[in-house]
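What follows is a set of notes on a single structure, which appears directly below.
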Amino acid sequence: MHLSALLSLPASLAFLTFTLASASPHSYTEHLHLLPLPQSHLHAHFNFTATTPLSAYESSHFRYFPRSLAQILQHTRTKELHLRFTTGRWDDEAWGARPLDGTREGGTGVELWAWVDGEGSTTVAKERWSELVNSLSGLFCASLNFIDSTKTVRPVRTFEPEGHHGNAKGGLQLLHGMLPHEVVCTENLTPFLKLLPCKGKAGISTLLDGHKLFDATWQSMAIDVRPVCEGKAGEECVLEIQQSVSMALSIPRSMRERHDPIPRPARIEDVECDESKPWNGHDTCFPKALTGEPAWTLSKVFGHAAKGACDLERDDQAFDVTLEVPSDRPVNATGASELTFPSTTRRHYRLSASSSFDLSLPAHSTPLGQNSPPSPPLYATRQIAGHGQERGSMHTTLRNPHAHPLTLVYMETLPWYQRPYMHTLRLANGKQEKMYYTPALDRKRGTHLELVLTIPAESTATLTYDFEKAVLRYTEYPPDANRGFDVAPAVIRILANNESPQFAGSYVRTTSLLLSLPTPDFSMPYNVIILTSTVIALGFGSLFNLLTRSFVLAEEVPPSPLAGVVRRMRDLVKGLLGKNGDVAKDEESSEVKDGKTAEISRYMREETKGKANGIANGDADLRDRRARGSP
Amino acid sequence: MALSARLLALRGSPFLYKLPPYLSALCVLVGIGWILLLPLNEYSRQTYVSENAILPGQVHTYFGGSEHNIFRAFRQEVYALSQQPEDARQAGILKILADSGLKTASQPYAYQVAGESINGTNVYGIVQGPRADATEAMILLAAWRNFDDQINYSGVALALTLARYFSRWSIWSKDIILLIPSDSTYGPLAWVDAYHSISIPPTSSRNISALPLKAGALQAAVALDYPAGPWGQRFSSLDILYDGLNGALPNLDLLNTAVSIASGQMGIACTLHDHATHSDSYRDRLSVLASGLATQSLGHATGPHSAFIPYHVDAITLKTVGDGWHDEMSLGRVTESVFRSINNLLEHLHQSFFFYILLNANRFVSVGNYLPAAMVLAGSFTTSALGLWVLSGRDDVLVAPLAGGLAKQKVEMETVKLGGDMALVPKRSVQTIERELFVPALLLLGVHILGYIPLWLMTSLNRETLALGLHLTTAVSLILPISLATTIRLTRSQAQILQSLSLILLGALLATLATLNFSLALVIGLLASPLAFVRRSSSSLLTAAQALSLAITSPPVAVYAFQRVFYPAAGLEKLLLELAKGWSAQGVWLLWVAWGVWWPAWVVGGVVVGSGVMSARR
């Protein structure tokens, strides 16, 4: 039941896109999908889609498409863009498959990938990518500008363009970057809402409140821009932007009063005690395990009710909110008209422009085991094992719970200071079909590894390799050096194979990791030791020099045997020169270099400068001086 | 100029040849005196929280109210589970954890040491911080059986209540792992070993399963030890245990945080090493210092926290002591506050000291102040070794009268020149006789290799035969030097070379060890200190006295004495078993240092003394 429901979610989105695209090239629609999850969680998926015809886009004529973003895309020739801001973890053990098969979520932190028109040149593409990340950094108040060449990779198999690029596809280049350490926060939500036509002032976007969104157990904000051509002859292609916010809220936590969010111990009257225990009494209470779903209302979960509707351009059949609960469950909706579609599990609501919309559901006890969520294509965990400052090993487990084998692309990007030993790469219980590997270059490029793997039915494959930790220069450490360094999550894409077509195109991401590197002690005593050592070394060096060196006059220096040899050689050369006359200029200058006194070499240097003015003149002068100087 | 001339003239002075033993004695005295100075105010410091992010005791703790009712129920439940078989008990704990919303898993482990098997299962659950990114984790430990082998009823119940309470907060920046091992030593060890490796291949001595569930990098661990039964027991103070394996210590900030929260915020007195009454007098400070040195030098686990420290995971145990007016909620609030403080950390604990000696819960000696004691002690061996090396290169005829006073006979003199300076010295004093190194070096190497035989015996014999093995080792140890001295006839020079090489090795090893485990180096240094003073002597009385002092301070005798003084009740067999477990399961170096470093040096000392008897007989 749930499987079909969740699978039909992308289908309903596609349906929306289709209706909009056909109605008008400039279109805007928004949609909220609510689905209660097991363990008292609620999944909310906000989707805001705007389109603009490509011709209007090229002539900078925008209605719903955000101009600020469009100008960046135009300037950097970005044809397709995917930007993700994610925090928290999706609990796939409890909640099952990821929403929309994981296609609208990213790894922890920020993830960005785009197809840029590089006009056939990698350098141009890189320059445009750099401009893109820097501009987006300003637009979204995120540190996207830290996606430099060391964090950028060019995936081969993991991503496919979602849009229709026609003939231009050949010239496009895919670039991908991740910032696992980026903390997604309200400052990223505000610019996100600003891109919407209603700016979060009306419609479902009024529900997006920083306090609740970032208190979610898992949340992912996504922006996807792609060109869409429906393929009908003569119809113009449109550029589509999908902004989506997907989150899993804990209902008890979200239902707390906003002015007092502290989870104080409940009053004892509110705790459900297990009275079957023999010791149950007035001061002893064994809490009953929570089954089912607590009562919730939309206004409490999101902090306030949805205000009005963002009614821009839509037909009468469009709906704003879908609630996915069994039809026998009582639901109380206010401020909206319920639309009836032939569905047993979904209710659709259409917001009214003048009133605020609220939903309230009473507590519901689901007998355990009845609604098990759809199982995800794959369970993946990734850990760093080992200890110490020198080496470690990476350990990934991929568990296929299904009765058929899975083919997938496993991609990971490692920072350059984590150097994998590829000869230690081992895959147990799986088959490696292909490997795409770009080794790291110190301070220039990170490691990029893509593996095409097949995991047999109902088995767990483990991928392990050892790595070495590089020692950084002390200026390369961040201010919180002892925290460790974040390693970006691995991205897994399920490929289509004959036996498991239903998961093709699903994405699963692992959690990010913390890599501890050898860290110098940056404390004050350390700095003091460094400074004093430097001062002492300088002071000692010069003092030692003064004390141990004996100072004598130049005349007192005994002639060294080498000087005698040099003099004899010189005399020999001089004698030869005297015979050959003044023809060999080169020989002469080299001879002068051997000259004994500093005076001559200084003159020579002046001479080489003077050569530009008049060589003959200078040479004559030099010879003159040499004649005087030699005894 | 004049000074250097005098120094030159000193080359032949009998004073110089006699000096090293006195210097060594001075080193030993300075080393002991140094330790005795440490408890003074001038050499120790008040503890302070160094990491600004910790903010100990700055948060309001909410643990209380209905949580108290739940705690009582959990304590009853834990008691009920304790009456059930092992499997049902684990299943019961796993169910409570799962019902509180934790991800749960378990890990069986088995160790096989000295014919004894240790089996158990680690049960654990993870509170996934709702806003955490899975990169870091902190651990709340409550071993099912505490270090004294009592069932930790209240500790486990409190940990379960706290886990349920913690899972409601959204403030956690790190995951919280609740770990309930079957025992206090080997369970945490197996867990933390498995956490840091991909898989541990089973060996004859251990079989540990891999962990099915992991979180991020471990930041800190706090263990609860509160064995009060189902009807509770109020406590008077908290004893904080901090020693890790092999004498490694947790960051002082973690200890300070716990102490300042418990005593500052909650008003619970904190003690160390079970010193319930601490008047902050010199005597009390010294006794805490001595306890600290003793536990650190043994290097064995002192609680469930010990296993974490070698992995650079700072850990402490909070153990309730006495009968007072603090109840479980106070301990719960201390734990809550400590976890809130650890949660504040942006970086791994690194700011404060890792090397310290505590005098009481808020006074410590830092490494710069105490390290010289062990170094000076190690220096006493090196000094003696250098003196012996010089003597070994000198002629018998010259050295013998020098040892017994100035020679009366006419000595052939020679002038020594250094730059413009000149001095008149006995001719033979500047001549060096050839040192015969081969036999001493081979003997030293052989004795060091022999040291692995008692080490092997003490770690691989069965429980029943361990004591017999020690008796045998003692007998062989006492006979070995004499038999070696009789079979290998060493000349005076060779004996001196042998002792010199042995002492130089001992000095270097102890100095190195002092940087890793200060207390062990200090204790071994003190016990081995007679080795720097024993000499080959032709006087049979002196030889007998030296042999007696060596026999008293021999490694096997030290084991007997240690058992009599510190573990009179446990019996020798139990002590030897614990030592063997320490080596095989916990990886403690103590036995290696005793049999591989101290014992060979002691045997060499015995050979040197014994060779005196031989020379006298000749």
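The values are calculated or read from the model by the stated rules, or taken from the named source; none is laboratory data. What you are looking at is a predicted structure, and each value in this text was computed from that prediction instead of being measured. Here Cβ is always computed from backbone atoms with ideal geometry, including for glycine, and neighbour counts include all displayed protein chains.
Kindly evaluate B:Gly267 against the criterion of being within 22 Å of B:Arg340 (Cα to Cα), over 21 Å from the mean Cα position of the chain (by Cα) and not aromatic (Phe, Trp, Tyr). It is true that B:Gly267 is within 22 Å of B:Arg340 (Cα to Cα), over 21 Å from the mean Cα position of the chain (by Cα) and not aromatic (Phe, Trp, Tyr).
Answer yes or no: is there a residue in region A:291-299 that is part of a loop (DSSP other than H, G, I, E, B), more than 34 Å from the chain's Cα centre (by Cα) and at pLDDT 85 or above.
yes
Looking only at residues of region A:201-226 that are closer than 24 Å to A:His164 by Cα and surrounded by fewer than 21 Cβ atoms within 10 Å (Cβ to Cβ), we find that the one that is nearest to the chain's Cα centre (by Cα) is A:Asp224.
Restricting region A:82-128 to residues that are in contact with an Asp or Glu (Cβ under 7 Å, 6 or more places away or on another chain) and among the hydrophobic types (A, V, I, L, M, F, W, C) leaves a set whose member that is nearest to the other protein chains (Cβ to nearest Cβ) is A:Val110. State whether the residues of region B:147-165 include one that is in a loop (DSSP other than H, G, I, E, B), buried (at least 24 other Cβ atoms within 10 Å of the Cβ) and touching a strand residue (DSSP E or B) at 6+ places or on another chain (Cβ under 7 Å). Scanning region B:147-165, I find at least one residue that is in a loop (DSSP other than H, G, I, E, B), buried (at least 24 other Cβ atoms within 10 Å of the Cβ) and touching a strand residue (DSSP E or B) at 6+ places or on another chain (Cβ under 7 Å), so the answer is yes. Restricting attention to region A:108-124, the residues that are among the charged types (D, E, K, R) and surrounded by fewer than 24 Cβ atoms within 10 Å (Cβ to Cβ) total 2.
Quick grid of which residues meet (1) within 14 Å of chain A (Cβ to nearest Cβ); (2) under 28 Å from B:Leu189 (Cα atoms); (3) of a type in the set (Phe, Trp, Tyr):
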| residue | (1), (2), (3) |
| --- | --- |
| B:Asp314 | yes, yes, no |
| B:Lys319 | no, yes, no |
| B:Ser337 | no, yes, no |
| B:Ser341 | no, yes, no |
| B:His348 | yes, yes, no |
| B:Gln351 | yes, yes, no |
| B:Ala361 | no, yes, no |
| B:Gly368 | yes, no, no |
| B:Ser384 | no, no, no |
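Whether any residue in region A:142-154 is part of a helix (DSSP H, G or I) and either in the same structural domain as A:Ser512 (by the TED database) or within 19 Å of A:Asp224 (Cβ to Cβ) (or both) is what I want to check. There is at least one residue in region A:142-154 that is part of a helix (DSSP H, G or I) and either in the same structural domain as A:Ser512 (by the TED database) or within 19 Å of A:Asp224 (Cβ to Cβ) (or both). Where residues in region A:51-96 are free of Cβ contacts under 8 Å to residues at least 24 places away in the same chain and out of contact with any Phe, Trp or Tyr (no Cβ under 9 Å at 6 or more places or on another chain), which of them is nearest to A:Lys212 (Cα to Cα)? Ranking the candidates gives A:Arg67 first.
Taking the criterion of being within 14 Å of another protein chain (Cβ to nearest Cβ) and of a type in the set (Asp, Glu), the only residue of region B:193-248 that qualifies is B:Asp193. Which of (1) outside any loop (DSSP other than H, G, I, E, B); (2) surrounded by fewer than 18 Cβ atoms within 10 Å (Cβ to Cβ); (3) within 9 Å of chain B (Cβ to nearest Cβ) is the odd one out, the single condition A:Arg253 does not satisfy? Going through (1) outside any loop (DSSP other than H, G, I, E, B); (2) surrounded by fewer than 18 Cβ atoms within 10 Å (Cβ to Cβ); (3) within 9 Å of chain B (Cβ to nearest Cβ) one by one, A:Arg253 breaks only (2). Among the residues making up region B:437-479, those that are out of contact with any Asp or Glu (no Cβ under 9 Å at 6 or more places or on another chain), part of a loop (DSSP other than H, G, I, E, B) and within 17 Å of B:Leu577 (Cα to Cα) are B:Leu461, B:Thr465.
For B:Ile126, indicate whether it is within 36 Å of the chain's Cα centre (by Cα) and within 13 Å of chain A (Cβ to nearest Cβ). Step through it out loud before you land on a result.
On the way: within 36 Å of the chain's Cα centre (by Cα): yes; within 13 Å of chain A (Cβ to nearest Cβ): yes.
Yes: the conditions hold for B:Ile126.
Residue check: A:Glu240 meets all listed conditions (1) more than 30 Å from A:Gly166 (Cβ to Cβ); (2) in contact with a Lys or Arg (Cβ under 8 Å, 6 or more places away or on another chain); (3) surrounded by 15 or more Cβ atoms within 10 Å (Cβ to Cβ) but one, namely (1).
Checking each residue in region B:338-387 for being among the aromatic types (Phe, Trp, Tyr), in a helix (DSSP H, G or I) and closer than 25 Å to B:Ser281 by Cβ picks out only B:Tyr370. Meeting the requirement of 3 or more residues that are touching a Ser or Thr at 6+ places or on another chain (Cβ under 8 Å) and among the aliphatic types (A, V, I, L, M), the strands (runs of 3 or more DSSP E) wholly within region A:476-579 are A:491-495. For region B:274-289, the criterion of being more than 14 Å from chain A (Cβ to nearest Cβ), closer than 30 Å to A:Gly392 by Cβ and either under 26 Å from the mean Cα position of the chain (by Cα) or at pLDDT 95 or above (or both) is met by none of the residues.
In region A:325-359, what residues are exposed (fewer than 15 other Cβ atoms within 10 Å of the Cβ) and assigned to a strand (DSSP E or B)? Hits for region A:325-359 are A:Asn332, A:Thr334, A:Ser337, A:Glu338.
Yes or no: B:Ala157 within 12 Å of chain A (Cβ to nearest Cβ), more than 37 Å from the chain's Cα centre (by Cα) and farther than 26 Å from B:Gln586 by Cα? The answer is no for B:Ala157. Counting the residues of region A:274-316 that are within 11 Å of chain B (Cβ to nearest Cβ), surrounded by fewer than 19 Cβ atoms within 10 Å (Cβ to Cβ) and in contact (Cβ under 8 Å) with a residue 12 or more places away in the chain gives 4.
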